[in-house]
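The values are calculated or read from the model by the stated rules, or taken from the named source; none is laboratory data. This structure is a prediction, so every number in the text was calculated from the model and none was measured. Ideal geometry is used to build each Cβ from the backbone, glycine not excepted, and the neighbour counts take in all protein chains shown. We work out accessible area using only protein heavy atoms, side chains counted, and drop any ligands, DNA or RNA first. Shrake-Rupley method; radii C 1.70, N 1.55, O 1.52, S 1.80 Å.
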Amino acid sequence: MADYSRGNYPRAAERFGTLAMAIEADDPSRRLNFPGPVVVFLRGWQAWSLARVGDHAAAERTLQVMQRHVAAMPQPLMELFYHLSAGFAAAHAGQWQKARDHLESGLDVCRQWSFYAWFTNLASCLGYVLAHLGALAEARSLLDQAIARTREM
């Protein structure tokens, strides 16, 4: 996470991938104090890192692995995190409609299960995507909501 936070995305992608493979080989259901299987989070962060450096094919492969883990261990939060990660990666690839579909699905899960802590991530990313799609009023509304929620927290 430190590498990702500092913008060293290639190193973050490598480290997330290495950790994920080790856990996948040992026990993919391990949580290690995470709110779900840690491998899902590691694969999501790996996809984010790969998307940031423009390696969209590798991000997509990572998301496919992540999706298999989510399908094998279905939990609403893991589904939300998958959609956020896939939407984030699609947005970085300029695949606006695909990004919108994933982010809206994630936002639906967020609202259905009251995962308020994830709202700002989903809403801000979706607002960005909607702006690129020309849905400016909807984009502005989501961005305003994300800002308000961030201030509340």
Original post:
What residue among ALA57, ALA47, ALA93 shows peak mean-square fluctuation when the chain is described by a Gaussian network model with Cα springs under 10 Å?
Top reply: ALA57
Original post:
In the range 70-126, carbon and sulfur make up what percent of the accessible area (probe 1.4 Å)?
Top reply: 54 percent
**OP:** Quick one: accessible surface of HIS102, probe radius 1.4 Å, all protein chains present, in square angstrom to the nearest 10.
**Re:** 30 Å²
Original post:
Hey, what's the Kirkwood Rh for the chain if you take every pair of different alpha carbons, in angstrom?
Top reply: 15.6 Å
**OP:** Give the ranking of MET21, MET66, MET153 by solvent-accessible surface, highest area first, calculated with a 1.4 Å probe.
**Re:** MET153, MET21, MET66
Subject >> Neighbourhood charge, 13 Å Cβ-Cβ cut-off, centred on ALA2 and excluding it, Lys, Arg +1 and Asp, Glu -1 >> reply: +2
**OP:** Describe numerically, in nm with one decimal, the distance between label points set 7 Å from Cα along Cα→Cβ at ASP144 and at LYS98.
**Re:** 3.2 nm
**OP:** Compute the Cα gyration tensor for the range 87-153, then decide on rounded, prolate or oblate, letting a ≥ b ≥ c be the square roots of its eigenvalues: rounded whenever a/c is under 1.5, prolate when a/b is larger than b/c in the other cases, and oblate in all that remain.
**Re:** oblate
